[in-house]
Amino acid sequence: MTDNTAPAPFGAIPTRQQLAWQEMGMYAFLHFTVNTFTGREWGDGTEPEDAFNPTEMDCEQWCRIIRDAGFKGVVLTAKHHDGFCLWPSKYTTHSVKYSKWRDGKGDVVGDLAKAAKKYGLKLGLYLSPWDRHEKTYGSGDAYNEFYRNQLRELLTTYGGKNGEDIFITWFDGACGEGPNGKVQHYDYDKAAAVIRECAPNAVIFGHMGDHRDIRWCGNEKGYAGSPNWATLNEYRDAQGDGGLQHGHANGKHWWPSEVDVSIRPGWFYHKEQDSQVHSLAHLLDIWYHSVGRGSCLNLNIPPDRRGRIHENDAERIHELKLVLDRTFAENPAAGATVKASSERGPDFRGDRMTDGSPDTFWAAEDGVTKCEAVIELAATHRINVVSLKEYTQLGERVAAFSVEYRSASGNWEKLVEETTISFRKILRTETVETDALKLNILQALVCPCIQEFAVYYQAPLLTAPSIFRASDGTITLTPPGDEVRLHYTLDGSLPTADSPAYTGPFKIREAGFLRAVSLLREGAENAYPEIRTNPESNLRFGTAVDEWRVLAADSELDEGHKKEHLLTAGPEMWMSGKDVPYPHWIAIDTGRKQRIRGFILTPPEAKERAPGPVYRYRFLVGDSPETIDTPVAEGTFDNLLNNPVAQIVELDSPVSARCFRFEALESANGSSCANIVRLELF
Ligand code: FUL
């Protein structure tokens, strides 16, 4: 036995604010503004103040539901890109004060601050740097001053006596101004100084020069990377080298990631997405890939036009709480005896990681970077979740580890092998019965300090069917298991046991909306009888495309990305040619004149920063391949770069035509390329 003192800290370590933030695990994003009422994702700043008009505004309802679902805080879009202020800011007339809502006496930020306090939730505020309404935006100093004034006003009015109630200030980096738009040079130093002065407990998220405490995880899909180092070198580099997702080992700054994702396809509430609240299984995946990877989860639950959290969203986060509570109720490793291959002294013994205290940890001797610990359970248990924590107050140390279990025959079998542990690592594994586990530290930057080792069991969950629609309109549903039967509807209603049962593939050539649910067969075991909803998948689709023909495109990259891919049902895409500049276009002959109410564009999945997301588009129709020259829609796909979900565009009025041309006029990220997976008509 050696020296009974703690190891020296290693590399960058968290501040008090960062640690407090990290402990929160999960909080709720609240996207709410004029967009809620106009149906947009990015307002353009021309919306009249009266557009904002919730009919049953109730911040207490938000906070009650969010608190009851286990969230620790709320983050409100006090101002989104459209510039409309949810508080009566004295620096602009574009706010609730100038709307009809509550005769101009309403104050959403004020109501939320009060309700959050009442329900024990911490408060976070989002103040968009990009402001499409404010005249001074793009002017440099004048806007910087305006922005600082708003920041100070918000933090000092709603942050408690000394601003202590604010746990996060949230700044996104979005700007859709394009090459000819306004350019604002921000004074991040001065803005950050206001935050440090007025919100001493807050962490700064995202784009505030280098005055950040936490980084973006690099996508809006809901997952941090593996590995997921909390440290980072330069933010600039991280955008290109995967550092937002993975961090940098032994990086210069302690900048752990936050995972921000919406519970629905859009960030703002849209009625037509009521049936697209993520399934429980999807939400759990998000949770394990964010909180379970040591990040915090900022889950967006957008209030609706009433000013209330919609019933579907409320039900789903209630279900999430139920499964998490049940899973993490019993830890068979609590209090277990541990035999470690290297220990420093009595205060750092192996069983310090099973003693339940957040202040004690197992630490190996200096210089030991490979070691193991055997955890003896008091009895045999069924487990399928492993949870680990490093004592990150002393830095991040572990780069790779594995966990083995002792099988009935007494042999050690591998359960899981992974990379970083960091603040937290919670992994789902196969289900095994065991009476002992072994933690192998395979690679560490310096002797490891492990604060917690725990195991749990998550009961199996009923999941949703998968849907595939072929180009001729044939729909195939696949149930998630034998004990499941599927029911579906085509009229938009929620399928029940009385809806048509799925018995095999069927064909629908017209456009439509399919909803399908999984129901447990009679007699099958249901681990969660309290869950009231049936897991659902759904698909909005256009008319069958097997008789269509791609006439031409301005260019195509190669055989793997040819224009004909636009008509296939899989993930393959059309991509415009290398170094061919915008605009790009593709023209299609549908073979017969048909009534067109709109189109659905499916973008490629976001690989960290997709190469060619389209921002501005135009849609033209014609009766023959030679006369496709009548524009019927023009607009922008807001936020397609970060949140590439299917874009449904309804024409102002339906048209009859045989051919159409889609024109990509401007890219969302300055790249020369355009890429599209599918274009459908409805
Ligand atoms: C992005 C914004 O553009 C989206 O509208 C949303 O607010 C998201 C959280 O951040 O950058």
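The values are calculated or read from the model by the stated rules, or taken from the named source; none is laboratory data. As the structure is a prediction and not an experimental result, all values here were calculated from the model. In this analysis, Cβ positions are derived from the backbone assuming ideal geometry, glycine residues included, and neighbour counts consider all displayed protein chains. Heads up: the accessible areas ignore ligands, DNA and RNA and are worked out on the full protein's heavy atoms, side chains in. Shrake-Rupley method; radii C 1.70, N 1.55, O 1.52, S 1.80 Å.
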Give me the distance in nm between label points sitting 7 Å out from Cα along the Cα-to-Cβ direction at residue 491 and residue 382, one decimal. 4.2 nm
Residue 117: which lysines have alpha carbons under 18 Å from its alpha carbon, excluding same-chain residues fewer than 8 sequence positions away? 72, 161
The helix 280-290 Cα axis meets the longest alpha-carbon principal axis of the chain at an angle in degrees, between 0 and 90 and rounded to 10, of 60 degrees
Rounded to whole Å², per residue accessible area for region 482-575 with a 1.4 Å probe reads 54 Å²
Can you pull the percent of the chain's accessible area that's carbon plus sulfur, 1.4 Å probe, other chains left in place? 48 percent
Rank-order 399-406, 53-60 by packing density, defined as the average count of other C-beta atoms within 10 Å over each peptide's residues, highest first. 399-406, 53-60
Listed residue (331, 560, 345) projecting farthest to the positive dipole end of the chain, Cβ model: 331
Ranked by how many other beta carbons lie within 10 Å on average, peptides 579-591, 318-330, 121-133 from highest: 121-133, 579-591, 318-330
Diffing region 341-356: the Karplus 3J(HN,Hα) column from phi (6.51, -1.76, 1.60, θ = phi - 60°), in whole Hz with x for Gly and Pro, holds 6, 8, 9, 7, x, x, 6, 10, 5, x, 6, 5, 8, 10, 8, x
Note down the nm distance, to one decimal, between modelled labels 7 Å out along Cα→Cβ at residue 552 and at residue 4. 8.5 nm
In Hz, Karplus ³J(HN,Hα) per residue of region 261-278 (6.51, -1.76, 1.60; θ = phi - 60°; x = Gly, Pro): 7, 9, 6, 10, x, x, 7, 9, 5, 9, 3, 5, 9, 4, 8, 10, 4, 3
Tell me which residues come under 5 Å, amide H to amide H, from residue 506 once H is placed; ignore anything under 5 positions away on its chain. 475
Name the long-range amide H neighbours of residue 487: under 5 Å, sequence gap of 5 or more, or other chain; modelled H, no Pro or chain starts. 502, 517, 519
Rounded to the nearest 20 Debye, what is the dipole magnitude of region 37-128 about its Cα centre when Lys and Arg each give +1 and Asp and Glu each give -1 at the C-beta? 560 debye
Counting only protein chains, not ligands or nucleic acids, how are 540, 592 ordered by accessible area (probe 1.4 Å), most first? 592, 540
With a Förster distance of 22 angstrom and the Cβ-Cβ distance between residue 359 and residue 328, calculated FRET efficiency to the nearest 0.05 equals 0.65
Expressed in nm to one decimal, what extension gain is obtained for the pair residue 417 and residue 532 from 0.36 nm per residue of sequence separation less their Cα-Cα distance? 37.8 nm
How far apart, in nm, are two points set 7 Å out from the Cα along the Cα-to-Cβ line at residue 288 and at residue 156? 4.9 nm
Output the peptides 377-383, 291-297 sorted from most to least packed, where packing is the average of other Cβ atoms within 10 Å over each peptide's residues. 291-297, 377-383
Taking 0.36 nm per intervening residue step and subtracting the Cα-Cα distance, what contour gain separates residue 431 from residue 347 on full extension? 26.9 nm
Calculate the length of the line joining the C-alpha centroid of region 619-682 to that of region 40-103, in whole Å. 31 Å
What's the center-to-center distance, using Cα atoms, between region 225-298 and region 451-509 in Å? 27 Å
Calculate, for region 131-274, the solvent-accessible area per residue in square angstrom, rolling a 1.4 angstrom probe over the heavy atoms of the protein chains. 38 Å²
So with the 1.4 Å probe, I'd like the accessible area per residue for region 1-103, rounded to whole Å². 38 Å²
Given R₀ = 22 Å, FRET efficiency for residue 55-residue 275 by Cβ-Cβ distance, to 0.05? 0.50
Starting at the first residue of region 527-536, write each ³J(HN,Hα) from the Karplus equation 6.51 cos²θ - 1.76 cosθ + 1.60 with θ = phi - 60°, in whole Hz, x for Gly and Pro. 6, 10, x, 6, 6, 8, 9, 9, x, 10
Angle, helix 311-327 long axis vs. longest principal axis of the chain, Cα atoms, 0 to 90°, nearest 10? 20 degrees
Within region 22-65, whose backbone N sits under 18 Å from a point 7 Å along Cα→Cβ of residue 103? 50, 53-57
What pairs in 507/563; 339/389; 97/182 have C-alpha atoms more than 20 Å from each other? 507/563; 97/182
Return the long-range amide H neighbours of residue 203 (sequence gap of 5 or more, or a different chain), with a cut-off of under 5 Å between placed amide H atoms. 168, 169
What is the Cα centroid distance between region 534-581 and region 372-390, reported in whole angstrom? 48 Å
On Cα atoms only, tilt of 59-68 relative to the major axis of the chain in degrees: 40 degrees
